[in-house]
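Q: Sharing a structure with you now.
Every number in this text was worked out from the coordinates using simple rules, so none of it is lab data. For clarity, every value in this text was computed on a predicted model and none was experimentally measured. Every residue, glycine as well, gets a Cβ built from its backbone with ideal geometry; the counts of neighbours run over all protein chains shown.
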Amino acid sequence: MTTITLSESASTTHRPAANRILAVFRLHFVNPYTVVIIPWLIMLFIFLVNYAIWWLIDANVQDAADRSDAQQGLGWSGASFYIFVYLMVVAIQAINFTFPFAQGYGVTRRDFYLGTSLAFVALAAGYAVALTVLSYIEEATGGWGLGGQMFTAVYFGTGEWYTRLATFFLILAFFFFVGAAIAAVYVRWRTNGMLIFFGLLTVLLVGLAALATFTQSWPAVGEWLVENGANGVILWSLVPTVLAAVTGYFVLRRATPRD
Amino acid sequence: MNAVIEVSGLTKRFGDVVAVDDATFRVEENQISGLLGRNGAGKTTMMQLLTGQDFRTSGEVRVFGENPVENSRVLSNVCFVKESQRYPEDFRPTHVFRSAAWFFPHWDAAFAERLIADFRLPLNRRIKKLSRGQVSAIGVIVGLASHAPLTFFDEPYLGLDAVARQTFYDRLLEDYAENPRTVVLSTHLIDEVSNLLEHVLVIDEGKIIVDSSAEELRGSATTVAGSRSAVDAFIGAREVLHRDDLGGLASVTVGRLSPAERLAAGQAGLELAPVSLQQLIVRMTTSDETQSERRRIA
């Protein structure tokens, strides 16, 4: 009686890591409904709601000064924020639904996470390009004919094209990988994991706020924000993005698919 | 004989529960093996340990001679079809089969097409909207068409009707004859698969209680029936697997009988009947349960 090994068995094969990771990447796009179509439908809906509000302002504010005041306020639009948060939901779903499926296909957790990360980077890049293009259309059409602002808010969508692109990309990458980390915690520890994770996160944030208050360093925080500007702050988001990505990897490495 | 799977002293604990208890066995290459047992006996946990989906508490697992956990060399040759398999939200069967081709190097698209027709599976309906049997058919098709050198089917046919189940057995055997590979099948429907299996593993309360070739197991028990006095005289001190008494008659299941013993039984006016694999396993796993219940009470 002997044990058969991979090299002795005629029927076994071994595919290079790149192929397996690419297969996971493609798996996220085989049904574009979840990762592409639904987010765009949501974006369209948010846009139409905003458009209606712009139109209301435009139709009802007659005084030129008041109107310019109102339109300035539109520059602080948080409409796109919904898209960012929704894409975080997409990231959570992508891992939560696809992980147990890929495990049945004999994919290792490592290959799954790397292929998924690659898909998230690609999605962040794709959405960043689209949002950049929309920000230029918004400018060219004078805010869609109504002075509205959704893709050219004060904190993004301004400046040179590469600044816009990089800003959108970094914001989206942040939300995708925070989503990946949350999904990994959920896949591994389920509801209890979520409770503890958000509990710890709340304690951490309150703790940081307390630290800033007791050491009277809020002015310093403010200075730091002003000094770095919107672009600098967004560049610093790379730190939590990378932290979330690495945390997600190590959490998922020990996760077990459950029914 | 070449073992594709080698397990020794394998144990998996979930808190106080021992799901797999000191299991030791081998699965030979290019055989169809059955992993049989009751609900909650540890079948799914065992398969998850063998496919690297779960982590062992102690003991050894070797698949193709290596530890399967996070081992892509091993796992790219493994397909694991679970009854409870979850599919990504909004997937349709067509998405499953299209992507399967990227993961299984031996994926047989033509065979998959044929199976889709056999099972009358609608390709473009959302999986959420499919019947239980149609969802099971997806898993069965992936498992068969994957042509993975090592394929696990865990209760693959919940909700499949008798015709569809027969189709599964027929296609599995046909394909297995052309493309020999190692198949491990867990099921409740023991009688249905008993002719399919070459090797049988029975797991009960996490322990492997039977590890034997199906051939050997089939002749390993006999029911002796007749008048109670004649039956009692015949069985003597033999181990009794099961006993039914009805008035002056008795029917007793005992182990393997030699030709001489069979002759003696005939002369004593006793009737001998073979015991099916299913009856045998039911008897073995029920008695084990009552024993452990007694242990718990004691």
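Q: For a protection proxy built on the mean count of beta-carbon atoms within 10 angstrom, sort A:116-129, A:210-223, A:172-185 highest first, please. All intermediate terms of the calculation are to be shown ahead of the outcome.
A: Working: A:116-129: 19.5, A:210-223: 10.4, A:172-185: 24.5.
Per-residue Cβ counts within 10 Å, averaged per peptide and sorted highest first, yield A:172-185, A:116-129, A:210-223.
Q: Considering chain B as a Gaussian network with a 10 Å cut-off on Cα pairs, which listed residue, B:Arg38, B:Arg86, B:Arg13, attains the greatest mean-square fluctuation?
A: Highest fluctuation of the listed residues: B:Arg86.
Q: Compute the angle between helix A:17-27 and the longest alpha-carbon principal axis of chain A, please, reported from 0 to 90 degrees and rounded to the nearest 10.
A: 50
Q: What is chain A's relative contact order, in percent, from Cα pairs under 8 angstrom and six or more apart in sequence?
A: Numbers: 241 pairs, mean separation 62.1, N = 259.
So the answer I get is 24 percent.
Q: Let me ask something else about it. Could you state the angle between the C-alpha long axis of helix A:79-104 and the longest principal axis of the C-alpha atoms of chain A, as a value from 0 to 90 degrees rounded to the nearest 10?
A: Once rounded, one gets 10 degrees.
Q: Further, regarding this structure: Helix A:218-236: angle to the longest alpha-carbon principal axis of chain A, degrees 0 to 90, nearest 10?
A: Helix A:218-236 and the main axis of chain A meet at about 70 degrees.
Q: Using a 10 Å cut-off around each Cβ of peptide A:25-32, what is the average number of partner chain Cβ atoms that fall inside?
A: On the way: counts 1, 4, 7, 2, 1, 10, 11, 2.
Across A:25-32, the average partner-chain Cβ count within 10 Å equals 5.
Q: A follow-up question, please. Rounded to the nearest 0.05, what FRET efficiency do B:Arg256 and B:Arg125 have when you use their Cβ-Cβ distance and R0 = 45 Å?
A: Calculated transfer efficiency: 0.30.
Q: In the Gaussian network model of chain B, springs joining C-alpha atoms below 10 Å, which of B:Gly226, B:Gly159, B:Gly248 carries the largest mean-square fluctuation?
A: Between B:Gly226, B:Gly159, B:Gly248, it is B:Gly248 that shows the largest mean-square fluctuation.
Q: What ranking do A:22-28, B:193-199, B:45-51 get when scored by the average of other Cβ atoms within 10 Å per residue, highest first?
A: Details: A:22-28: 21.4, B:193-199: 18.6, B:45-51: 24.1.
By packing density, highest mean first, the sequence is B:45-51, A:22-28, B:193-199.
Q: Then there is this: Thinking of the range A:2-252 as a set of Cα atoms, what percent of all their pairs are more than 31 Å apart?
A: Working: 12377 of 31375 pairs.
It works out to 39 percent of all Cα pairs.
Q: Treating the range B:101-207 as a set of equal point scatterers at the Cα positions, no solvent, please give the Debye-formula log₁₀ I(q)/I(0) at q = 0.10, 0.17, 0.18, 0.24 Å⁻¹.
A: -0.29, -0.83, -0.93, -1.52
Q: Separate question: How big is Rg to Rh over the protein assembly as shown, alpha-carbon atoms, Rh as the Kirkwood inverse-mean-distance radius?
A: Details: Rg = 31.3 Å, Rh = 27.7 Å.
Result for the protein assembly as shown is an Rg/Rh of 1.13.
Q: Would you tell me the mean number of C-beta atoms belonging to other protein chains that fall within 10 Å of each C-beta in B:96-103, as a whole number? Write down the numbers at each step before the final one.
A: Values: counts 4, 1, 4, 12, 4, 1, 11, 12.
That works out to 6 on average.
Q: Calculate the FRET efficiency for A:Val233 and B:Thr94 from the Cβ-Cβ distance with a Förster distance of 45 Å, rounded to the nearest 0.05. Kindly include the intermediate steps, with their values, before the conclusion.
A: Working: r = 44 Å, r/R0 = 0.99.
Calculated value: 0.50.
Q: What size of dipole, in debye to the nearest 20, comes out for the range B:217-297 about its Cα centre when the only charges are +1 on Lys and Arg C-beta atoms and -1 on Asp and Glu C-beta atoms?
A: Working: 10 positive and 9 negative charges, 37 e Å.
Roughly 180 debye, rounded to the nearest 20.
Q: Right, another one. Normalised by the residues of chain B, what does the relative contact order come to in percent, with Cα pairs under 8 Å and at least six apart?
A: Working: 535 pairs, mean separation 57.0, N = 298.
This gives 19 percent for chain B.
Q: Please arrange A:Tyr186, A:Tyr33 by how many other C-beta atoms lie within 10 Å of their C-beta, fewest to most. Mind dumping the intermediate values first?
A: Numbers: A:Tyr186 18, A:Tyr33 15.
Fewest-to-most ranking of A:Tyr186, A:Tyr33: A:Tyr33, A:Tyr186.
Q: Using the Cα centre of chain A as origin and beta-carbon charges of +1 (Lys, Arg) and -1 (Asp, Glu), tell me which of A:Phe81, A:Gly229, A:Ile4 is placed farthest towards the positive end of the dipole.
A: So the residue furthest toward the plus end is A:Ile4.
Q: In deg cm²/dmol and to the nearest 500, what is the mean residue ellipticity at 222 nm of chain B if only DSSP H runs of at least 4 residues count, each as -39500 (n - 2.57), divided by the residue total? Mind dumping the intermediate values first?
A: Working: 11 runs with 111 residues, N = 298.
That comes out to -11000 deg cm²/dmol.
Q: What ranking, highest mean first, results for peptides B:17-23, A:188-194 when packing means the other Cβ atoms within 10 Å averaged over each residue? List each step's numbers first, then the result.
A: Working: B:17-23: 18.7, A:188-194: 12.7.
Packing proxy ranking, top to bottom: B:17-23, A:188-194.
Q: Something else: Of A:Val49, A:Thr167, A:His28, which is farthest on the positive side of the dipole of chain A, counting Cα position, with +1 on Lys and Arg Cβ, -1 on Asp and Glu Cβ, and the Cα centre as origin?
A: The Cα lying farthest towards the positive end belongs to A:His28.
Q: Further, regarding this structure: Tell me, what is the percent relative contact order of the range A:119-161, built from C-alpha pairs under 8 Å that lie six or more residues apart? List each step's numbers first, then the result.
A: Details: 22 pairs, mean separation 14.2, N = 43.
Value for the range A:119-161: 33 percent.
Q: For labels at A:His14 and B:Arg114 in the simple 7 Å Cα→Cβ model, what's the distance in nm?
A: A separation of 3.3 nm, rounded to one decimal place.
Q: How many lysine pairs are close in the protein assembly as shown, with Cα atoms under 15 Å apart and the two 8 or more places apart or on different chains? Don't skip to the end; give the middle numbers.
A: Details: B:Lys12/B:Lys43; B:Lys12/B:Lys207; B:Lys43/B:Lys82; B:Lys43/B:Lys207.
Here the count comes out as 4.
Q: Looking only at other chains, what is the average number of their beta-carbon atoms within 10 angstrom of each beta-carbon in B:83-93?
A: Details: counts 1, 4, 6, 11, 5, 15, 8, 8, 7, 3, 0.
For this peptide, the per-residue mean of nearby foreign Cβ atoms is 6.
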